[in-house]
Amino acid sequence: VMGHVDHGKTSLLDTIRKTNVVAGEVGGITQHIGAYKVSAGDLEVAFIDTPGHAAFTQMRARGAQITDIAILVVAADDGIMPQTVEAISHAKAAGVPIIVAINKTDLPDSRPERVKQALLEHELVPEDFGGDTICVEVSATKKTNIDKLLEMIGLQAEILELRSRYKGPAEATVVEAQLDRGRGPVATVLVREGTLKPGDAIVAGTAYGRVRSLLNERGENIKEAGPSTPVQVVGLCEVPNAGEELVVVKNERMASEIAAERVEGQKRAAIQAPAMNMDPEEAFGALGESEEKELRVVLRADVHGTMEAIHDSIEKLSTDKVKLKTIHSGVGAVTERDVMLASASEAMVIGFRVRPEPAARKLAEQEEVEIRVYGIVYEVLDDMVRAMEGLLPPQITERVLAHAEVRQLFSIQGVGTIAGSYVAEGTFARANPARVVRDGVVVYKGPLSSLRRFKDDVREVAPGLECGIAIQNFNDVKVGDILESYVAEESRATL
Ligand code: GDP
């Protein structure tokens, strides 16, 4: 559940929880465990109880994608506000479909139509306007249309064919975890696939153990937790991080071995780590070689007009080879949320006449997110072009330094065919590879295995002299071939 502050996220979650607790078990004291399940007709929905896109993106940055549907709460009296826009960007960047809950429709100055109209500007086209964005007009405090909202969630789940496997070992994601005085490490996990049971050997990051007990949000022991069930797990040896994957393995020994291996891996990574001074272009280029290249950007500018102008002009830089995509843009200083979004989406952050907040700068260092600040538009454009070019594999050009004509062939045992050649131009070097050109066509290229003058190995042969040349793994050289000595030079590809 995401949206602007005070638009009613918490109220909506409370109302849903109070009116729809699973199957009649009313009266139980619900504890805050980070997620809970409600029933809606024949459907059960798990809500993540940490509202807000910051938490959502933080999870995603840790590699966890547990949200199937995002509920965007917009207060009907206030309309689309900056954090609403952020929430839309965060959900879109994650590829999570959005259902809009237009809240506070009980208020006299509520304008649901205006909200729908404004959604259009953010590429969310409400069904009323022929689009596919579901909008439900609700009131969290008056409890109106909550059923309808849940029904729409169900409908969307059906359309998206959200399905999970019930049988077999569980795969879950840690939503929250803490150290409990009496029970030791306690993790709230959301099961995604399979069924988690007491006695299962589990590992989550570097934490491992055996499920001692499973508790629901009312603190009751349960015997199993199937897909989309949030459950508290007791029995891990240490507190795992939120966002970590919890999996069931064969036995506890295997769990402890996996955990130990991960600890080792972390140690090694810590030693080798700081790739920080790696060229950012290189770092970006290293991502997904085969995929279509895309430079993702989170943009911040001092004023709205400038933000839009830069947004439009940098997106226009896109070519067939590399796309530039602004996943979020906003006015004001670069925030921690921007950095988190960039981290989760492998994007960079651009600030135009704005600076990052100190906390954002710190987080960027931690998350290894690049923040670049500019004051002049063409500098942004130039730099973006360079960053986009950096995503392309470098261009290799071969520069010919010398050529020799093959005049005579010798076959020497253990070495192969030696081309008795005359260096017509340039200096032929032992260290450089050579191309074999026959009738104007390159038939082979590779490093030399020998370069000789008379009986002596030499490093280079000057023009006008004769020598013996052998090319590694190539014995098919013929009289009349031209051998070209060359160097391969890397140059930056252009867009
Ligand atoms: P959050 O910051 O998005 O979690 O918003 P809250 O749930 O804390 O709600 C902010 C304020 O709006 C509170 O004073 C709520 O009582 C009020 N509020 C929430 N939903 C409604 C609603 O449907 N109608 C009215 N009139 N007020 C609401």
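The values are calculated or read from the model by the stated rules, or taken from the named source; none is laboratory data. Predicted, not measured: the structure shown is a model, and the values here were computed from it. In this analysis, Cβ positions are derived from the backbone assuming ideal geometry, glycine residues included, and neighbour counts consider all displayed protein chains. Ligands, DNA and RNA are excluded from the accessible area calculation, which covers all protein heavy atoms including side chains. Shrake-Rupley method; radii C 1.70, N 1.55, O 1.52, S 1.80 Å.
Annotations for the structure displayed:
- Filter result for the condition that a residue is under 17 Å from residue 399 (Cα atoms) and surrounded by 12 or more Cβ atoms within 10 Å (Cβ to Cβ), over 483, 451, 495: 483
- When residues of the range 350-408 are limited to those that are exposed (fewer than 13 other Cβ atoms within 10 Å of the Cβ) and β-branched (Val, Ile, Thr), the one farthest from residue 468 (Cα to Cα): 376
- Scanning the range 97-123 for residues that are under 30 Å from the mean Cα position of the chain (by Cα) and open to solvent by 10 Å² or more (accessible area, probe 1.4 Å) yields 97, 98, 118, 120, 121, 122, 123.
- Here residue 63 meets each of (1) within 20 Å of residue 189 (Cβ to Cβ); (2) surrounded by 19 or more Cβ atoms within 10 Å (Cβ to Cβ); (3) within 27 Å of the chain's Cα centre (by Cα); (4) modelled with pLDDT under 90 with one exception, condition (2).
- Taking residues in the range 153-172 that are in contact (Cβ under 8 Å) with a residue 40 or more places away in the chain, and partners anywhere that are in a helix (DSSP H, G or I), the pairs with Cβ atoms closer than 9 Å and at least 6 places apart or on different chains are 162/156.
- When the range 93-140 is filtered for residues that are among the acidic types (Asp, Glu) and within 16 Å of the ligand (Cβ to nearest atom), the ones remaining, listed by number, are 106, 109, 137.
- Output for the range 1-37, where each listed residue is in contact with a Phe, Trp or Tyr (Cβ under 9 Å, 6 or more places away or on another chain), away from the ligand (no atom under 14 Å from the Cβ) and either modelled with pLDDT of 85 or more or open to solvent by 10 Å² or more (accessible area, probe 1.4 Å) (or both): 21, 22, 30, 37
- Checking residue 82 against (1) more than 33 Å from the chain's Cα centre (by Cα); (2) within 16 Å of the ligand (Cβ to nearest atom); (3) surrounded by fewer than 16 Cβ atoms within 10 Å (Cβ to Cβ), the condition it does not meet: (1)
- Residue ID - modelled with the lowest pLDDT, chosen from residues in the range 177-200 that are farther than 27 Å from residue 45 by Cα and small (Gly, Ala, Ser): 182
- Residue among 420, 446 that alone is touching a residue at least 24 places away in the same chain (Cβ under 8 Å) and surrounded by 14 or more Cβ atoms within 10 Å (Cβ to Cβ): 420
- Scanning the range 288-310 for residues that are in contact with a Leu (Cβ under 8 Å, 6 or more places away or on another chain) and surrounded by fewer than 17 Cβ atoms within 10 Å (Cβ to Cβ) yields nothing.
- Residue 341 being closer than 21 Å to residue 360 by Cα, modelled with pLDDT of 95 or more and within 23 Å of the chain's Cα centre (by Cα): no
- Scanning the range 94-139 for residues that are in a loop (DSSP other than H, G, I, E, B), of a type in the set (Asp, Glu) and in contact with a strand residue (DSSP E or B) (Cβ under 6 Å, 6 or more places away or on another chain) returns a single hit, 106.
- Test for residue 211: is it part of a strand (DSSP E or B), buried (at least 20 other Cβ atoms within 10 Å of the Cβ) and either aromatic (Phe, Trp, Tyr) or modelled with pLDDT of 95 or more (or both): yes
- Of the numbered criteria (1) more than 16 Å from the ligand (Cβ to nearest atom); (2) open to solvent by 50 Å² or more (accessible area, probe 1.4 Å), the one residue 199 fails is (2).
- Remark: residue 267 matches the filter, which requires a residue to be more than 30 Å from residue 163 (Cβ to Cβ) and either open to solvent by 40 Å² or more (accessible area, probe 1.4 Å) or assigned to a loop (DSSP other than H, G, I, E, B) (or both).
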